[in-house]
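*Asks:* This is the structure I have questions about; it appears just below.
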Amino acid sequence: DAGITQSPRHKVTETGTPVTLRCHQTENHRYMYWYRQDPGHGLRLIHYSYGVKDTDKGEVSDGYSVSRSKTEDFLLTLESATSSQTSVYFCAISESLAVRNTEAFFGQGTRLTVV
Amino acid sequence: AQKITQTQPGMFVQEKEAVTLDCTYDTSDQSYGLFWYKQPSSGEMIFLIYQGSYDEQNATEGRYSLNFQKARKSANLVISASQLGDSAMYFCAMRAYSGAGSYQLTFGKGTKLSVIP
């Protein structure tokens with residue numbers, strides 16, 4: 001199994017508070033992704049990183065920021081949590097999607113509830 | 001922009017029968033990759049199969065095959081001899097170039113497959 005760990009696995013937080021989710025990998029993969037999964041929406045890309053300090057927005061980036069100061073860690077921050085950000089968050093890693101047949105490996109997910 | 005469409009929110013199949021899960025995609029890139037993932041009720045994402053845009057033959061992995069029709073921009077997943085353990089959500093995804101030397105991986109909304117004994 002790919003070495004990818006998300007923390008925390010579960011979190012309940014109050015509206016308006018900042019929240020940071022961590023994705024840690026031991027594979028030295030270049031790409032890291034944050035997705036959110038909601039019923040009826042599948043997985044939607046929030047932000048992704050293609051190298052240290054290289055990040056870009058996905059389709060649902062509003063209200064989220066990310067940082068990647070080293071290869072192994074990709075942090076997702078909800079600057080001021082809202083109830084609409086209640087979701088399951090997945091981190092994924094990939095060596096390089098420019099290489100054929102390189103699938104993305106996923107973490108176990110973080111269930112976030114904003115009350 | 002890349003887009004993946006899965007038009008079947010839910011499907012039922014009899015055990016031991018074959019089933020096809022539909023996926024269409026939209027991209028202006030000439031080089032792209034298509035993936036299928038399985039998500040059982042336990043929540044983990046499991047990679048099933050990959051098809052490259054330049055691959056001339058359809059990909060196969062055990063009971064899984066990908067029916068790739070490039071002109072129609074479709075990449076349907078075929079599961080042969082369905083098993084009860086195949087009951088899960090199935091996601092189609094596409095890798096495509098997003099500029100500045102980076103690639104995105106875009107997912108569809110998924111199809112929930114239920115296998116009936």
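The values are calculated or read from the model by the stated rules, or taken from the named source; none is laboratory data. For clarity, every value in this text was computed on a predicted model and none was experimentally measured. All Cβ positions, even for glycine, are placed from backbone atoms using ideal geometry, and neighbour counts span all protein chains on display. To get the accessible areas, we keep the full protein, side chains included, count just its heavy atoms, and leave off ligands, DNA and RNA. Shrake-Rupley method; radii C 1.70, N 1.55, O 1.52, S 1.80 Å.
*Asks:* Taking the alpha-carbon distance from B:Lys73 and a cut-off under 23 Å, which lysines remain once sequence neighbours fewer than 8 residues away in the same chain are dropped?
*Replies:* By straight Cα distance, B:Lys73 reaches B:Lys3, B:Lys38, B:Lys109, B:Lys112.
*Asks:* Go through the range B:10-17 residue by residue and turn each phi into a ³J(HN,Hα) via Karplus (6.51, -1.76, 1.60, θ = phi - 60°); whole Hz please, and just put x for glycine and proline.
*Replies:* x, 9, 10, 9, 6, 3, 6, 8
*Asks:* Within the set of other residues whose C-beta is less than 11 Å from the C-beta of A:Val60, count the net charge using Lys and Arg as +1 and Asp and Glu as -1.
*Replies:* 0
*Asks:* While we're here: What fraction of the DSSP beta bridges in the protein assembly as shown is antiparallel, stated in percent and rounded to the nearest 5?
*Replies:* DSSP beta bridges in the protein assembly as shown are roughly 90 percent antiparallel.
*Asks:* Same structure, new question: With every protein chain left in place and a probe of 1.4 Å, what is the accessible surface of B:Phe12, to the nearest 10 Å²?
*Replies:* For B:Phe12, the solvent-accessible surface is approximately 150 Å².
*Asks:* Binning at 5 Å from 0, report for chain A what percent of all alpha-carbon pair distances ends up in each bin.
*Replies:* Spelled out bin by bin, chain A gives 2, 13, 24, 26, 20, 10, 4, 1, 0 percent.
*Asks:* Quick one: 3J(HN,Hα) in Hz for the range A:81-87, Karplus 6.51/-1.76/1.60 with θ = phi - 60°, rounded, Gly and Pro as x.
*Replies:* 4, 10, 4, 5, 8, 5, 5
*Asks:* Where Lys and Arg each count +1 and Asp and Glu each count -1, what net charge lies around B:Val19 among other residues with Cβ under 15 Å from its Cβ?
*Replies:* 0
*Asks:* Given labels modelled 7 Å from the Cα in the Cβ direction, how far is it in nm from A:His10 to A:Glu95?
*Replies:* The two pseudo-label positions are separated by 3.6 nm.
*Asks:* Tell me the volume per residue, in Å³, of the convex hull enclosing the alpha carbons of chain B.
*Replies:* Cα convex hull per residue, to the nearest whole number: 99 Å³.
*Asks:* Now a separate question. As a test, work out the antiparallel percent of DSSP beta bridges whose residues both lie in chain A, rounded to the nearest 5.
*Replies:* The antiparallel proportion sits near 90 percent.
*Asks:* Sticking with this structure for a sec: With a cut-off of 8 Å between alpha carbons and a minimum separation of six or more residues, what is the relative contact order of chain B in percent?
*Replies:* Answer for chain B is 37 percent.
*Asks:* Still on this structure: Can you list the lysines whose alpha carbon is less than 25 Å from that of A:Lys53, not counting same-chain residues fewer than 8 positions off?
*Replies:* By straight Cα distance, A:Lys53 reaches A:Lys70.
*Asks:* May I pose another question? Report the Cα centroid-to-centroid distance between the range A:46-115 and the range B:80-117 in angstrom, as an integer.
*Replies:* Cα centroid of the range A:46-115 versus Cα centroid of the range B:80-117: 18 Å apart.
*Asks:* Beyond 15 Å, how much of the Cα-Cα pair distribution for the range A:54-115 remains, as a whole percent?
*Replies:* The share of Cα pairs beyond 15 Å in the range A:54-115 comes to 62 percent.
*Asks:* Taking a probe of 1.4 angstrom, what is the accessible area of A:Ser49 in Å², to the nearest 10?
*Replies:* The accessible area comes out at roughly 0 Å².
*Asks:* Continuing with the same structure: Please give me the summed charge of the neighbours of B:Ser80: other residues whose Cβ is under 13 Å from its Cβ, Lys and Arg +1, Asp and Glu -1.
*Replies:* Taking every Cβ under 13 Å from that of B:Ser80, the sum is -2.
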